[in-house]
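Here the structure comes first, spelled out in structure tokens, and everything after it is commentary.
The values are calculated or read from the model by the stated rules, or taken from the named source; none is laboratory data. Just so we're clear, the structure is a prediction, and the values are computed from it rather than from any experiment. Positions of Cβ are backbone-derived with ideal geometry, glycine not excepted, and every protein chain shown enters the neighbour counts.
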């Protein structure tokens with residue numbers, strides 16, 4: 001009886017030994033898809049950030065742990081490779097992940113390792129991502145994205161319009177907020193898929209965005225429309241004939257004329273004499 005008991009214990013221990021890598025793989029896959037996949041691929045080319053195929057062969061585990069937890073800390077420490085990587089990918093900061101434990105990062109790296117093409121480097125392993133030319137950006141999608149961006153069309157779940165914090169210089173659009181990055185040059189830096197990925201990634205990874213949209217998430221349709229608008233590098237055909245400067249000029253002129261009219265109206269109805277003048281006149285008559 002004791003022999004059977006110990007035999008079963010041994011079988012369970014061996015089973016757990018074989019299951020551990022599988023469980024780690026599952027955890028790594030879940031973390032990668034939830035946190036990393038918005039900006040990175042494994043063997044499918046660069047997206048917002050670099051392709052991570054065989055990243056374990058290019059850097060030490062210790063370096064990767066530091067970079068994943070806080071890429072900006074590594075860059076500011078004077079790491080030349082980290083700085084060059086930051087500049088090569090349009091100086092878009094990777095969100096910090098301070099809550100990641102060593103085990104979390106090991107699971108992610110294990111998932112990347114298992115799914116990397118063995119022996120291939122980033123320069124040879126990746127096929128290019130579909131460019132914006134392969135994605136149909138209809139005029140309707142671009143215009144809908146514009147209306148969502150400036151707030152003329154409300155977001156379905158009631159979130160704040162993008163230009164509350166971001167600015168984009170396009171014809172017929174008054175300047176937006178300066179709280180966050182100017183998005184005007186997005187078409188020169190990334191295509192539709194990249195724009196879509198970074199919007200999704202920012203919603204999941206940037207604390208300010210997470211807090212703003214935690215209970216008011218963007219729908220897939222809204223993300224697609226905003227991506228179409230922001231990545232559109234052609235002239236904005238739906239814009240007004242005059243630009244932002246023209247709108248501001250005529251608004252100032254009309255507003256100034258309106259103020260002059262109001263001032264004139266109130267000036268004509270001003271009091272001609274002091275309040276005490278009528279009292280003084282009555283006193284003179286009584287004497």
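Pairs meeting the criteria (first residue in the range 88-115 and free of Cβ contacts under 8 Å to residues at least 40 places away in the same chain, second residue surrounded by 13 or more Cβ atoms within 10 Å (Cβ to Cβ) and assigned to a loop (DSSP other than H, G, I, E, B), beta carbons under 9 Å, at least 6 apart or on different chains) are 88/50; 93/206; 96/70; 98/70. Among the conditions (1) in a helix (DSSP H, G or I); (2) at pLDDT 85 or above, residue 51 misses just one, which is (1). For the range 166-176, the criterion of being modelled with pLDDT of 80 or more, outside any helix (DSSP H, G or I) and either farther than 24 Å from residue 90 by Cβ or in the same structural domain as residue 69 (by TED's automatic domain parsing) (or both) is met by no residue.
In the range 129-165, of all residues being modelled with pLDDT under 80 and in a loop (DSSP other than H, G, I, E, B), the one that is nearest to residue 212 (Cα to Cα) corresponds to 137.
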